[in-house]
Amino acid sequence: MQWYAVTFFLLVGLIANGFAIDDRNWQLVPDGNGRLHLINTNPYDIPESDGNAASRFVPQQDTIFRLFTRANPTEPQILQLNNPASISGSNFNAAHPTRFSIHGWNNDGSHFMNTLFRDAYFQLGDFNLITVDWGVGAINPNYITARNFVGPVGNTVSQLIDQLMSTAGANPDNIYIIGYSLGAHVAGSAGKAQHGRIHSIIALDPAGPLFALGQDDAVSPADGRYVETIMTNAGLLGINTPLGQANFYPNGGRTQPGCGADITGGCAHDRAPMFFAESLTTSTPFRATRCADHGQILAGTCTSSGPDANMGGQPSNYGRGVTGVFFLETNEASPFARG
């Protein structure tokens, strides 16, 4: 039995024995590695010590932007806010597409998806891949504190984009922002700060706890010219509500084949960045059927309504009229795409 299951049953035991615990406030929340933490999501019942580490987090100072290109595929160059020389002296090339990659809660720039994306993009051609490391704020036992950094970190990403444009001539038409879990909402917040002019926002299984459609810092359809969500553990670790212009629900979006029982959802949650990374280079697309509405996704009865579309991919679906909710099936293991 894994540690988070033990923690869960300990909590149930405490409640059953009459301890003053409001179980409605407790949720299993994933970190950036897909590991679950049992946390109290009541912002009025959080021990003061939980936020001490994060209180020192200043996004503009503590967020680390690491640039990878084909010229430096494994050794990053650090881009610094308010330091134009760090951009002009780097391998950043405005003529090449730029991709931002943003991790989730309790993780940092070492998250596995960054390596997956880097390898995939450089297999395709010349890209500027910038990983956003906000680990100083994200690695914190208080999920609420980390969750509340989503907007400020998104604004910090937007500030770097402004500097890339003013210093190196970067074009928002050439920029995608890709975020996973809590980082998916950071990506949306960055898009909002850019007034929706970024080419594509890709939200990979956006975190569900304490997020809802319409919140100021939640992913929304207006965050970019094209906003796509890929839901792989919707309703448990990820949010179930369609938040993008196009919303893909592989295998129904809640559980994923090959993950076994996956009671806590960590395996399914991690499938989102895996699917997206594969979509960039595969010759077999993640072909999806457009359903009539989200209710059909929930019911598991998708009626074809409109043209099919590919999930993920390079380039994105921007300009192809891809909107709505989509269903597709995948294989149990890599390669996942079934065409």
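The values are calculated or read from the model by the stated rules, or taken from the named source; none is laboratory data. Not measured: the values here are computed from a predicted model. When we count neighbours, we look across all protein chains shown, and the Cβ atoms used for this are built from the backbone with ideal geometry, even at glycine. Note: accessible area is taken over every heavy atom of the protein model, side chains too, but ligands, DNA and RNA are not part of it. Shrake-Rupley method; radii C 1.70, N 1.55, O 1.52, S 1.80 Å.
Structure above, values below:
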{"read-out": "First in segment 309-338 and under 20 Å from residue 123 (Cα atoms), second anywhere and open to solvent by less than 60 Å² (accessible area, probe 1.4 Å) and of a type in the set (D, E, K, R), Cβ under 6 Å, 6 or more apart", "value": "336/278"}
{"read-out": "Residue tally, condition of a type outside the set (A, V, I, L, M) and either open to solvent by 30 Å² or more (accessible area, probe 1.4 Å) or at pLDDT below 95 (or both), over segment 112-122", "value": "4"}
{"read-out": "Scope segment 83-118; condition under 26 Å from residue 185 (Cα atoms) and free of Cβ contacts under 8 Å to residues at least 60 places away in the same chain; matching residues", "value": "109, 110, 114, 115, 118"}
{"read-out": "Unique match (being free of Cβ contacts under 8 Å to residues at least 60 places away in the same chain and under 27 Å from residue 122 (Cβ atoms)) among 288, 187, 292", "value": "288"}
{"read-out": "Per-region count, segment 322-339, residues in a loop (DSSP other than H, G, I, E, B), in contact with a strand residue (DSSP E or B) (Cβ under 9 Å, 6 or more places away or on another chain) and open to solvent by less than 70 Å² (accessible area, probe 1.4 Å)", "value": "6"}
{"read-out": "Residue in segment 96-136 that is nearest to residue 280 (Cα to Cα), counting only those that are assigned to a helix (DSSP H, G or I) and of a type in the set (A, V, I, L, M)", "value": "120"}
{"read-out": "Failed item in (1) of a type in the set (Val, Ile, Thr); (2) more than 28 Å from residue 222 (Cβ to Cβ); (3) within 19 Å of the chain's Cα centre (by Cα), with residue 325 passing the rest", "value": "(2)"}
{"read-out": "Selection status of residue 136, touching a residue at least 24 places away in the same chain (Cβ under 8 Å), open to solvent by 10 Å² or more (accessible area, probe 1.4 Å) and hydrophobic (A, V, I, L, M, F, W, C)", "value": "yes"}
{"read-out": "Residue in segment 163-173 that is at negative phi, at pLDDT below 95 and open to solvent by 10 Å² or more (accessible area, probe 1.4 Å) present", "value": "no"}
{"read-out": "Among the residues listed as 215, 256, 245, the single one being in contact (Cβ under 8 Å) with a residue 40 or more places away in the chain, surrounded by fewer than 24 Cβ atoms within 10 Å (Cβ to Cβ) and among the polar types (S, T, N, Q)", "value": "245"}
{"read-out": "Filter result for residue 265 (under 23 Å from residue 111 (Cβ atoms), more than 15 Å from the chain's Cα centre (by Cα) and touching a residue at least 40 places away in the same chain (Cβ under 8 Å))", "value": "yes"}
{"read-out": "Some residue of segment 303-320 being in a helix (DSSP H, G or I), of a type in the set (Gly, Ala, Ser) and open to solvent by less than 40 Å² (accessible area, probe 1.4 Å)", "value": "no"}
{"read-out": "Residue list for segment 268-287, restricted to those being open to solvent by 40 Å² or more (accessible area, probe 1.4 Å) and over 12 Å from residue 205 (Cα atoms)", "value": "281, 282, 283, 284, 285, 287"}
{"read-out": "Within segment 139-159, considering residues that are small (Gly, Ala, Ser) and buried (at least 22 other Cβ atoms within 10 Å of the Cβ), the one farthest from residue 208 (Cα to Cα)", "value": "154"}
{"read-out": "Residue within segment 53-62 that is modelled with pLDDT of 60 or more, open to solvent by less than 20 Å² (accessible area, probe 1.4 Å) and in a helix (DSSP H, G or I) present", "value": "yes"}
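Quick grid of which residues meet (1) touching a helix residue (DSSP H, G or I) at 6+ places or on another chain (Cβ under 8 Å); (2) modelled with pLDDT of 95 or more; (3) part of a loop (DSSP other than H, G, I, E, B):
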{"position": "189", "(1), (2), (3)": "yes, yes, no"}
{"position": "196", "(1), (2), (3)": "no, yes, yes"}
{"position": "202", "(1), (2), (3)": "yes, yes, no"}
{"position": "209", "(1), (2), (3)": "yes, no, yes"}
{"position": "227", "(1), (2), (3)": "yes, yes, no"}
{"position": "259", "(1), (2), (3)": "yes, yes, yes"}
{"position": "263", "(1), (2), (3)": "yes, no, yes"}
